[in-house]
1. With an 8 Å cut-off on Cα pairs and a minimum separation of 6 or more residues, tell me the relative contact order of the chain in percent.
2. List the aspartates and glutamates whose Cα sits under 13 Å from the Cα of LYS128, skipping any in the same chain fewer than 8 residues away.
3. How much of the DSSP beta bridge set in the chain is antiparallel, as a percent to the nearest 5?
4. Once Rh is set to the Kirkwood radius over Cα pairs, what Stokes-Einstein translational diffusion coefficient, in µm²/s, holds for the chain at a temperature of 25 °C and a viscosity of 0.890 mPa s?
5. Compute the signed sum of charges (Lys and Arg +1, Asp and Glu -1) over the other residues within less than 12 Å, Cβ to Cβ, of ILE357.
6. Counting only the backbone N, which residues of the stretch 278-318 are under 13 Å from the spot 7 Å out from the Cα of VAL360 toward its beta-carbon?
7. Tell me the mean residue ellipticity at 222 nm calculated for the chain from its helices only (DSSP H runs of n ≥ 4, each -39500 (n - 2.57), averaged over every residue, nearest 500).
8. If you add up the charges near ALA185, with Lys and Arg at +1 and Asp and Glu at -1, over every other residue whose beta carbon is less than 13 angstrom from its beta carbon, what do you get?
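Nothing in this text is a laboratory measurement; each read-out follows from the coordinates by a stated rule. Only a predicted model underlies this, so the values are computations on that prediction, with no experimental measurement involved. Here the Cβ is made from the backbone with ideal geometry for all residues, glycine too, and neighbour counts use every protein chain on show.
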Amino acid sequence: MASIVVSGGRPLRGSIRVSGAKNAALPILAGSLLTKAPVKLENCPRLRDVDNMLAILTELGVEAVWKDGALELDSSRAHSYVMPQGPSKELRSSIFMLGSLLGRFGHAVCTHPGGCEIGHRPIDLHIKGLTMLGADVRETHGVIVCDGENLTAADIHLDYPSVGATENIIMAAVGAEGETLIHNAAREPEIEDLQTFLNAQGHEISGAGSSTVRIVGKRPVRDDVVVEHRIMPDRIVAGTLLCGAAITGGEITLTGTAPAHLGSIIAKLREAGCQISARAQSIRLSAPERPGEIKLIETLPYPGFPTDMQAQFFALCCVAKGTSVIVENVFENRFKHGAELQRMGAIFTQKDRTIIIRGVEKLTGARVTAKDLRGGAALTIAGLAAEGETVVENAEFIDRGYERLEEMFLALGADIRREG
Ligand code: EPZ
């Protein structure tokens, strides 16, 4: 397994372009099955999770090739709706394929994705929504079998604004006769990006980004015009880089980003004393030498504070002036980075989903282990500010969601490298 080795204490300086969004690319890749026309995706990030999704699509008969930085797909000869076990197990978000396979073939067979490092990740809301569209869904021996050749529109109320369930239901409803409404839909910007992509195929979806999404199914789609789409910028990569600058007293500019998606993140960084100015597609942050106190962070569905930024702010609060409270409302087991930060000198107490952090002047470098994607990013951020050398093991976790995080920080002046 590879490690990231960082010697702390250097303020980040400079400008960097933000990559395309992993959590937009993954459902959009699944949605490429919903057209027989050629697809061309610009700004698609090159990540382990994307590679896994492409492995799944290729097994189903989709042709995929990277050309001049763009990803070109052709699902006109897709021939199977049975997901391959291997990549599906590793990639939890392969569950998005249920909806797109149903929308394309009227059938889907998928390995139950199971839980992961941050929680047991149920899929009851996905199943309930697909069932309301008329699909017959059976789960046996860890395999989910869906049949729904004659899906019909439904009025679906989600008990919780689940991102994946919203995306799965949208993609299945594309193949359902009539007008489907999803109430209490997730409002994440990645869902708007999926809507834009599916409408570019000729489908008729509206309301993504709001709590009610409308899908008119069975629209006539053309298969003779290339469907082109540019993946939106990754708001979590942007937030992670901003945290790196904030924890090191640095001054950076992000380009190719969407400040409008970072409202709650920018608000918390300003609370920590950072000066932040935003233009249409760029953000400039100038941090104080030591972050100021952030009193409370509560993770919530968008536009609330994103759970995917909790770990990174946990690291930032460890060296802030004062005491911070972090409440993780979205996932039940997303504090594994805490024990590792403790090895670097962090001081905090935990009660269930609440952490109380007493900021210390300095963390000290240590050998730590990434237990999940965002926790690994948090440990790297802590290492940027810690005294001495930090080795973050299991860097492969970080590669799932960042195109070489260490190279991004290196470009901003950090003393950082990958080993192994
Ligand atoms: C998406 O996961 C993201 N992944 C996650 O990003 C992100 O943390 C999450 O949304 C929340 O924003 C992708 O988009 C690929 P959810 P998803 O369904 O769709 C419960 C990262 O680091 N729930 O909104 O799985 C669930 O247990 C990853 O990039 C049910 O109870 O998230 C959780 O508590 C991590 N039943 C909550 O909803 C269901 O059927 C949020 O889950 C589905 C979800």
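1. 21 percent
2. Hits, sequence-local ones excluded: ASP136, GLU139, ASP155, ASP159.
3. Among the beta bridges of the chain, antiparallel pairing accounts for roughly 70 percent.
4. Estimated diffusion coefficient is 113 µm²/s.
5. Cβ neighbours under 12 Å give a net charge of +2.
6. Inside the label zone: 318.
7. -9000 deg cm²/dmol
8. -4
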